[in-house]
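Take a look at the structure set out below.
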Amino acid sequence: MTSGLSAKPQPEPRSAYRLFQTITTRWMDNDVYGHVNNVVYYSWFDTAVNAELIKQGVLDMARGDTIGLVIETQCNYFAPLTFPQLIEAGIRVAHIGNSSVRYEVGLFAQGEMQTAAKGHFVHVYVDRHSRRPVLLPKVFKRILENFL
């Protein structure tokens, strides 16, 4: 009989991710325990994915008609990260829906082969003004398919 609990999350290798964004840690990222505070990891997830979407030309934060709102997020931690390390955020897309995308992000200390943390977030794409879900544009879906 199973308990209904999933297996304990494990670190993943770099090869599990499609592309990478480098993130610089800041002095203020460390907490009183001497490592990066957990809330910063979520900021890095957002930073890495949105930087890639801007780079790919599918996100215009200032003038775009469609914006992504986070509706779910989760993170597992395996090893501490600290200032002044450089962080390499691995990105992949796990699911593309009609108006939503599940992004998965692995955070690596520069040069390390296993994730120090990994997690996901789900964006629902909505009209900027009405905040109602919209279908993902075809060009956006094509680009996201490269991240699967």
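The values are calculated or read from the model by the stated rules, or taken from the named source; none is laboratory data. Bear in mind that the values here come from a model prediction, so they are computed numbers and not experimental data. Cβ coordinates were reconstructed from backbone atoms using ideal geometry, including for glycine residues, and neighbour counts include every protein chain displayed. To get the accessible areas, we keep the full protein, side chains included, count just its heavy atoms, and leave off ligands, DNA and RNA. Shrake-Rupley method; radii C 1.70, N 1.55, O 1.52, S 1.80 Å.
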### Task
Sequence neighbours fewer than 8 away in the same chain don't count; with that in mind, list the aspartates and glutamates whose C-alpha is under 18 Å from Lys8.
Glu104
### Query
Cα to Cα, under 15 Å, and not fewer than 8 places away if on the same chain: which aspartates and glutamates meet these conditions relative to Lys141?
Glu52
### Query
Between Asp60 and residues 5 or more places away or on another chain, which pairs have amide H atoms under 5 Å apart, with H built 1.01 Å from N, and which residues are they?
none
### Query
Carbon-plus-sulfur fraction of the accessible area of region 16-148, 1.4 Å probe, in percent?
53
## Note on the structure
So the compactness index of the chain, its C-alpha Rg divided by 2.2 N^0.38 Å, takes the value 1.10
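With loop defined by DSSP as not H, G, I, E or B, and exposure as at most 15 other Cβ atoms within 10 Å, which is the longest segment of the chain clear of exposed trypsin sites (Lys or Arg not before Pro)?
Formally, the longest exposed-site-free interval is 64-127.
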### Message
Out of all Cα-Cα pairs in region 12-82, roughly what percent, to the nearest whole number, are more than 19 Å apart?
### Response
48
### Message
Just to confirm a number: summing +1 for Lys and Arg and -1 for Asp and Glu over residues other than Asp65 whose beta-carbon lies under 14 angstrom from that of Asp65, what do you get?
### Response
+2
### Task
Could you tally the net charge around Asn37, taking each other residue with its Cβ under 12 Å from the Cβ of Asn37, Lys/Arg +1 and Asp/Glu -1?
-1
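Could you give the length gained by full extension between Arg102 and Ser130, i.e. 0.36 nm per residue of separation minus their alpha carbon distance, to one decimal place?
That works out to 7.9 nm of additional length.
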### Query
What residue among Thr47, Met61, Asn37 has its Cα farthest toward the positive end of the dipole of the chain, where the charges are +1 on Lys, Arg and -1 on Asp, Glu, each on the Cβ?
Met61
### Residues in region 76-107 reached by a label modelled at Thr22 [backbone nitrogen below 20 Å; 7 Å Cα→Cβ]
81-92, 106-107
